[in-house]
Amino acid sequence: MKRSLFVSILFVVFALTPFKADAQCKQFAKNTCKVGLSPFQHDGNYHAAILLEGEEAELYKTFYSDTQYRIGICGANNLGEVEFSIVDGSGKVLYNNKFHGYEWKWDFKLESSQQLKIVVKVPVTNGMSNEPKEGCVAIMFGFKEK
Amino acid sequence: MNIKLLESGKQFILLFAILAFISGSCASDKSKENKNADNSGLSDDFNSEMDDDLAEKINTAKRIFYSLPSPLETAMLIKSAGANYDGDLLNKVENTSKYNTNLKMALNLGIYTTDLSYASLFDQTQATLSYINAAKKMADGLEILDAIDEATIRRLEENINNRDVIIDIISETLLNSNSFLEDKGLQNTSAIILVGGWVEGLHIATSLVEKGANLKTNKLVERIVDQKLSLNIVVSLLENNKDNAEVQILLKDVAELSAIYDKITIEQSEITPVEDPNTNVTTLKSESTIKITQEVFDELARKVKELRTRYIS
């Protein structure tokens, strides 16, 4: 009976853990990243994932002329300085936050509409632990008419 | 499920082990896929004994996200192009009772949220209330829990004359809905909703272009042509979920749109970023020239109308 109870508890913990992690990532995106987009209007899209140190993410999006944008890249505190760059269709790097003090956001506007790629890199830290760190990284967009 | 099975400790442990194995397999598979899934937990005790090769694979795997303009951004683009409000273009809220399949509910959740965003940006208070209720019916039908709850609707009603608050509520509703689908691994539903909203944006925009408009200088036409830049994103979103039969239907639809967009050309010069040190805003300087004939525009408008009519039927 005791063993059944123990296994049942394990089962519940096991079943709920991924959901809890996802929910934490959502709350992180909402409370940390979305809030920082102000005075830009968040577009309502959600792009967030748990990333390991050393891991990369890419996001493709079309940005429109006559609109001002704020890109916000937010990483969990334990991940260190998350690097991001903005790359155009020809592969030209238009911005890299490592040359701007690892600023988490970038404001820009366009003279003509463009599809751009956002490349996000989680740094590898030289901690004492052998275990790779992981944490939530959110990519969010705000806009306003120019 | 057989109750006796659950009552047996040994069999329960076996069941647990099987579930653990299945779950572990799914997580590993997902980590290798280039899709916008959130695959792992936040736990601090990452398995330190993980095989080095597997760790290397996970570390070098790239998460790929594809982002279409959200219903809010679509509505803003239409408005900023100088378009007017025309409520007759929107999907009737009475149609909600017709949508009984997941495909129709997902498509029309996208369509109604675009209509909602369009109505709210033009301060159409009654339409805003009607469309959030229509969107709620679709979200409820898809079991997207709490995306639009009664409290959201009450808050909207209480702030119906405050556009900034209304837009914030819509933005939060979209975020809740998107994150719920992401968390539940329902990327196929998410993709269908996005495509529904995107096609609705095209429908509103193409319908609002006045007959005889100069295609070279009309801002709304420019926005419609700009969607050519997002076509590969639409295709990638759907391709990532092509195991789903409903997604395959949409892939065919998008291929037909793509064939028409192939007749439109966009020539772009090199982009030069110039930062304003006073505002910290960077301008991406470039020139763009579009070429579209009246025949191609009419063909595109007809195709959009055909697809959208099917989606709302």
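Given labels modelled 7 Å from the Cα in the Cβ direction, how far is it in nm from B:Glu270 to A:Asn96?
1.8
If I take R0 = 56 Å and measure r between the Cβ atoms of A:Val119 and B:Glu306 in this structure, what FRET efficiency does the formula 1/(1 + (r/R0)^6) give, to the nearest 0.05?
It comes out at approximately 0.90.
For B:Ser97 and B:Glu239, calculate 0.36 nm times their separation in residues minus their Cα-Cα distance, and state this gained length in nm to one decimal.
Full extension from B:Ser97 to B:Glu239 adds 48.1 nm.
Between B:Asn84 and A:Glu131, take the C-beta separation as r, use R0 = 60 Å, and let me know the FRET efficiency to the nearest 0.05.
Efficiency, from the Cβ-Cβ distance: 0.55.
Work out how much length B:Gln248 to B:Leu145 would gain on full extension: take 0.36 nm times their residue separation and subtract the Cα-Cα distance, in nm to one decimal.
34.5 nm
Looking at this model, which pairs from A:Lys92/A:Lys144; B:Lys137/B:Lys305; B:Lys137/B:Lys184; B:Lys79/B:Lys216; A:Lys133/B:Lys62 are more than 22 angstrom apart at the alpha-carbon?
The answer is A:Lys92/A:Lys144; B:Lys137/B:Lys305.
Using 1/(1 + (r/R0)^6) with R0 = 56 angstrom and r between the beta carbons of B:Thr289 and A:Val35, what's the FRET efficiency to the nearest 0.05?
0.90
Taking a threshold of 20 Å on the Cα-Cα distance, which of the pairs B:Lys98/B:Lys252; B:Lys98/B:Lys136; B:Lys211/B:Lys303; A:Lys61/B:Lys303 fall above it?
The pairs that break the limit, which is 20 Å between Cα atoms, are B:Lys98/B:Lys252; A:Lys61/B:Lys303.
For the pair A and B, how large is the buried accessible area, both sides, in square angstrom to the nearest 100, if the probe is 1.4 Å?
For A against B, buried area totals roughly 6500 Å².
Give the distance, in whole Å, between the Cα centre of segment B:290-309 and the Cα centre of segment B:107-123.
Here the two parts' Cα centres lie 22 Å apart.
The values are calculated or read from the model by the stated rules, or taken from the named source; none is laboratory data. Since this is a predicted model, take the numbers as computed values, not measurements. Note that each Cβ is placed from the backbone with ideal geometry, even for glycine, and that neighbours are counted across all protein chains shown. These area figures cover heavy atoms from the full protein model, side chains too; ligands, DNA and RNA do not enter into them. Shrake-Rupley method; radii C 1.70, N 1.55, O 1.52, S 1.80 Å.
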